[in-house]
């Protein structure tokens, strides 16, 4: 695992719930890869991971991409997020990848994707994110 600015803050409860852990990152490129534990508890009656949980995984991939790119200086709050669900997600490991496509002074644009352990593309997302000084947000 690569060292990032995320190593210097406590893991949020939602990240623990999602089974979140960073497996790779290129902070200079605004890119991150995170693996989630797609728990059976996240399933709908059909046995697939509920879409809201997938959305949370995407959100919890795209924000950290900005945080590591800015070396922990900027925290994020989501303004908009558009999610496209492409295939049903079964319980098991789910990999999230995100890339910062534009980093401005107050807004960032980020794209994300989730894949299954077999490599199936499950969902994609794009997000506009408000940037907040981490020192103010993480008190």
### Task
Return the only residue of 82, 95 being under 15 Å from residue 60 (Cβ atoms), within 14 Å of the chain's Cα centre (by Cα) and in contact (Cβ under 8 Å) with a residue 24 or more places away in the chain.
95
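Rundown of residues vs (1) assigned to a helix (DSSP H, G or I); (2) loosely packed, with under 13 Cβ neighbours inside 10 Å; (3) at pLDDT 95 or above, yes/no style:
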{"residue": "7", "(1), (2), (3)": "yes, yes, no"}
{"residue": "17", "(1), (2), (3)": "yes, no, yes"}
{"residue": "37", "(1), (2), (3)": "no, no, yes"}
{"residue": "55", "(1), (2), (3)": "yes, no, yes"}
{"residue": "64", "(1), (2), (3)": "yes, no, yes"}
{"residue": "84", "(1), (2), (3)": "no, yes, yes"}
{"residue": "87", "(1), (2), (3)": "no, no, yes"}
{"residue": "97", "(1), (2), (3)": "no, no, yes"}
### Task
Could you tell me which residue of region 104-139 is surrounded by the most Cβ atoms within 10 Å (Cβ to Cβ), considering only residues that are out of contact with any strand residue (DSSP E or B) (no Cβ under 8 Å at 6 or more places or on another chain) and at pLDDT 95 or above?
120
### Message
So residue 50 ticks every box in (1) farther than 13 Å from residue 97 by Cα; (2) surrounded by fewer than 16 Cβ atoms within 10 Å (Cβ to Cβ); (3) touching a helix residue (DSSP H, G or I) at 6+ places or on another chain (Cβ under 9 Å); (4) touching a residue at least 40 places away in the same chain (Cβ under 8 Å) but one. Which box is left unticked?
### Response
(4)
### Task
List the number of the failed condition for residue 111; all other conditions in (1) under 19 Å from residue 18 (Cβ atoms); (2) within 10 Å of the chain's Cα centre (by Cα) hold.
(1)
### Query
On the given criteria, is residue 76 surrounded by fewer than 18 Cβ atoms within 10 Å (Cβ to Cβ), under 13 Å from the mean Cα position of the chain (by Cα) and either at negative phi or not in a helix (DSSP H, G or I) (or both)?
no
### Within region 19-35, tally of residues that are in contact (Cβ under 8 Å) with a residue 60 or more places away in the chain, outside any strand (DSSP E or B) and surrounded by 13 or more Cβ atoms within 10 Å (Cβ to Cβ)
1
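The values are calculated or read from the model by the stated rules, or taken from the named source; none is laboratory data. Please read all numbers here as calculations on a predicted model, not as lab measurements. All Cβ positions, glycine included, derive from the backbone under ideal geometry; neighbour counts span all protein chains shown.
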